[in-house]
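Notes to accompany the following structure.
The values are calculated or read from the model by the stated rules, or taken from the named source; none is laboratory data. If you're wondering where the values come from, they're calculated on a predicted model, not measured in any experiment. Backbone-built Cβ (ideal geometry, glycine too); neighbour counts: all protein chains shown.
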């Protein structure tokens, strides 16, 4: 079984400051990793994903994440946040048998609410 | 662009009513999913379907059923709505069956906020 832990339920920051949202996972098999963002009253939108290759993944809106296999982490970072980045962020994991019997099921973390203050 | 649509953004129902939530995707995806989202709990999988008429229970299937009669449509049914089913319901789809390598990410609809009174 897989699990995902987002270490911070809420992260307040000031505009133009850097931010890191932390995500740890546990799994007995190889995984794919995802970060999604949810703006108020909307569905989830993919920010970035790690499938294979380079452990530093760049996504939309200036976000990036680094896959660290030894620490089973996939932390999300942005060097300078904007007011418009205020949203809830979800880390998710899928095992690499996504095309097979796991059917691409995702296990989500509890979410981190990022609030950017002026 | 992938588009996943849900039949209602907001829904208010009474305890004991039968409730249907509809989801349609337009990208020929094999897999479709229903989640509920509650504050502090993230998204929890209710049911998923990997083909027409095929379904599997997720982590919290009690009190719910699903139907997938056509590939593009996946319905969530609350047989007898209860107040503890008040929540945000999100539909998602994934894995196109043609047109290149699979990408594995799920594409989400806008959600239905259901209130059961």
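Laid out as a table, the results:
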item: Which listed residue, of A:53, A:104, A:43, A:109, is within 22 Å of residue A:2 (Cβ to Cβ), within 11 Å of chain B (Cβ to nearest Cβ) and free of Cβ contacts under 8 Å to residues at least 12 places away in the same chain; result: A:104
item: Output for segment A:14-40, where each listed residue is closer than 16 Å to residue B:40 by Cα, more than 10 Å from chain B (Cβ to nearest Cβ) and not in a loop (DSSP other than H, G, I, E, B); result: A:21, A:23, A:37
item: Search result, residues across segment A:13-40 that are surrounded by fewer than 17 Cβ atoms within 10 Å (Cβ to Cβ) and over 23 Å from residue A:1 (Cα atoms); result: A:14, A:15, A:16, A:17, A:18, A:20, A:39, A:40
item: Options B:42, B:111; residue that is in contact (Cβ under 8 Å) with a residue 60 or more places away in the chain, surrounded by 14 or more Cβ atoms within 10 Å (Cβ to Cβ) and under 20 Å from residue A:90 (Cα atoms); result: B:111
item: Within segment B:40-54, considering residues that are under 19 Å from residue B:71 (Cα atoms) and more than 12 Å from the chain's Cα centre (by Cα), the one nearest to the other protein chains (Cβ to nearest Cβ); result: B:50
item: Residues (assigned to a loop (DSSP other than H, G, I, E, B) and within 13 Å of residue B:108 (Cα to Cα)) located in segment B:1-34; result: B:1, B:2, B:3, B:26, B:27
item: Residue count, segment A:87-101 (criterion: at pLDDT 70 or above and more than 7 Å from every other protein chain (Cβ to nearest Cβ)); result: 7
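This table checks each residue for (1) away from every other protein chain (no Cβ under 11 Å); (2) closer than 17 Å to residue A:90 by Cβ; (3) part of a strand (DSSP E or B).
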residue: B:36; (1), (2), (3): yes, yes, yes
residue: B:59; (1), (2), (3): no, yes, no
residue: B:84; (1), (2), (3): yes, no, no
residue: B:88; (1), (2), (3): no, yes, yes
